[in-house]
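Below: the structure, in structure tokens.
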Amino acid sequence: MTGLYGGAFDPPHNGHVALAAGAKQAFAIPRLIVLVSESPGHKSTHSPAQVRLELARAAFPDDDVRLDPYPRTIDLLRAEQFDEPLFVVGADEFSDFLSWKEPDGILELAELAVGARPGFPRERLDTVLDRLRRPERVQFFEIEPNRASSTAIRAGDPAEGLVPPAVASLIRQRALYTDS
């Protein structure tokens, strides 16, 4: 099995790290590939891809961190070969899964591991599951709540305590996510 965890990571925060760690533990993932989207198809980014890659490598030092040149998950899965791919997402992302390019195609090529924090509305998840052709390829695991938010950091909230220390250090050194 190969765990895949993709995102913009603009910047990577403690919630991202906790989701990856939770998935590795819940599914005994021997190898996690963290995919930093070079040009996300669903959102704009604040920092260039190479900066986000450096931050992600600092956040995930024990994992294989690399740039993902494909703007959509289905394109990545079609272009590259992974041994039993398990794509890791948070419950919020999964709630929007039907808006992804070819969600049923993704589930033909990979299983999903969805991390949900306690109290996340199950009906939001069930609404998505009910509309998928292969809902049995979606597995859930529980993660601890985390207040970290890339949006808040980009808006100027102090990164300390919200990101791993190595990421906070790089943000300070490069004066990222601040107007000063």
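Across segment 112-141, which residue is farthest from Lys43 (Cα to Cα) among those that are of a type outside the set (A, V, I, L, M) and buried (at least 19 other Cβ atoms within 10 Å of the Cβ)? Don't jump to the end; show me each part of the working.
In the first step, residues of segment 112-141 are kept if they are of a type outside the set (A, V, I, L, M); the result is 115, 117-124, 126-127, 130-131, 133-137, 139-141.
Of the ones still in play, those that are also buried (at least 19 other Cβ atoms within 10 Å of the Cβ) are 115, 120.
Values: Gly115: 21, Phe120: 23 Å.
Within segment 112-141, the match that is farthest from Lys43 (Cα to Cα) is Phe120.
For Gly119, the conditions (1) within 20 Å of Ala18 (Cα to Cα); (2) modelled with pLDDT of 95 or more are fulfilled apart from (2). Residues that are part of a loop (DSSP other than H, G, I, E, B) and hydrophobic (A, V, I, L, M, F, W, C) do not occur anywhere in segment 88-97.
Is there a residue in segment 10-20 that is crowded, with 17+ Cβ neighbours inside 10 Å, free of Cβ contacts under 8 Å to residues at least 40 places away in the same chain and in contact with a strand residue (DSSP E or B) (Cβ under 9 Å, 6 or more places away or on another chain)? Looking through segment 10-20, none of the residues is crowded, with 17+ Cβ neighbours inside 10 Å, free of Cβ contacts under 8 Å to residues at least 40 places away in the same chain and in contact with a strand residue (DSSP E or B) (Cβ under 9 Å, 6 or more places away or on another chain). On inspection, Leu162 fails the criterion of being more than 20 Å from the chain's Cα centre (by Cα), among the aliphatic types (A, V, I, L, M) and surrounded by 14 or more Cβ atoms within 10 Å (Cβ to Cβ).
Checking Val89, Val36, Val65 one by one, the residue that is closer than 21 Å to Arg147 by Cα, modelled with pLDDT of 95 or more and crowded, with 20+ Cβ neighbours inside 10 Å is Val89 and no other.
The values are calculated or read from the model by the stated rules, or taken from the named source; none is laboratory data. The structure displayed is predicted, hence computed values, not measured ones. Here the Cβ is made from the backbone with ideal geometry for all residues, glycine too, and neighbour counts use every protein chain on show.
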